[in-house]
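We did not get these values from a lab; they are worked out from the coordinates using the rules stated. Remember, it's a predicted structure, so these values are computed and weren't measured experimentally. Glycine also receives a Cβ, built like all others from the backbone with ideal geometry; neighbour counts cover every protein chain displayed.
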Amino acid sequence: MLTPSSGLLLSYYITETGPTMTTSSGSGNACLSSVLPIAYIDDLVMHGVMAIGGAHLCSRNANNSQLRAATESHYACVLRGVRLALHDLQPEDTGKMLRILSVLMLMAHYEVSLPLPMVFPKSHSS
């Protein structure tokens, strides 16, 4: 589901996050030259890209609740999508396996991009 901030999260990934995720620049940067074209045709990857861009942007604007909500919304879409993809996965379907592994690698970047309050939410007393 797109949010009013989705375009900003994608733009931030393209201009700020993607270029910093690898040591290569230009066409050598796989986060831009390989991941983005896939994201434009695969909603699951696109939600991952927007979640990563959002996490990176939130680390610089920790008090912006609209950005945080948009980022969490895209992350939730990724989690649902991965769960559905795993449910239907057959051992011989290597293409789907590679897609899921690629998305999980993106989500590892999401996890390390989060500002600490988002990574370690306050526990609630029972």
Quick one: what are the phi-derived ³J(HN,Hα) couplings along the range 35-42, Karplus 6.51/-1.76/1.60 with θ = phi - 60°, whole Hz, x for glycine and proline?
6, 4, x, 5, 4, 5, 10, 10
For a quick check, take a GNM of the chain with Cα springs below 10 Å and name the residue from 87, 74, 56 with the largest mean-square fluctuation.
87
With the chain treated as a Gaussian network of Cα nodes joined by springs under 10 Å, which of 92, 16, 111 yields the largest mean-square fluctuation?
92
What distance in nm lies between label points placed 7 Å from Cα along the C-beta direction at residue 105 and residue 11?
2.9 nm
Provide the FRET efficiency to the nearest 0.05 for the residue 43-residue 23 pair, computing r from the beta carbons and using R0 = 35 Å.
0.75
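Based on the Kirkwood radius over alpha-carbon pairs, what value in µm²/s does the Stokes-Einstein equation return for the translational diffusion coefficient of the range 3-62 at 4 °C and 1.567 mPa s?
On the way: Rh = 11.4 Å.
For the chosen part, D equals 113 µm²/s.
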One would report the Cα pair-distance distribution of the range 58-102, bin width 5 Å, in %, as 5, 20, 20, 15, 12, 11, 9, 6, 2, 0
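Ranking 8, 32, 98, 79 by Cβ neighbours within 10 Å, fewest first, what do you get? Present the calculation step by step, with values, prior to reporting the outcome.
On the way: 8 17, 32 21, 98 10, 79 14.
Going from sparsest to densest Cβ surroundings: 98, 79, 8, 32.
How large is the charge dipole for the chain, taken about the Cα centre, if only the Cβ atoms of Lys, Arg (+1) and Asp, Glu (-1) carry charge, to the nearest 20 debye? Don't jump to the answer; show the numbers that get you there.
Values: 7 positive and 8 negative charges, 69 e Å.
With Lys and Arg at +1 and Asp and Glu at -1, about 340 debye.
From Cα pairs below 8 angstrom and at least 6 apart in sequence, can you work out the relative contact order of the chain, rounded to a whole percent? Present the calculation step by step, with values, prior to reporting the outcome.
Numbers: 123 pairs, mean separation 33.5, N = 126.
Relative contact order of the chain: 27 percent.
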Looking at (1) 44, 44, 26; (2) 37, 26, 25; (3) 49, 32, 15, which value of Cα extents along the principal axes in Å comes from a calculation on the structure shown?
(1)
Given the options 68, 83, 99, which has the most mean-square fluctuation in a GNM of the chain, springs set between C-alpha atoms less than 10 angstrom apart?
83
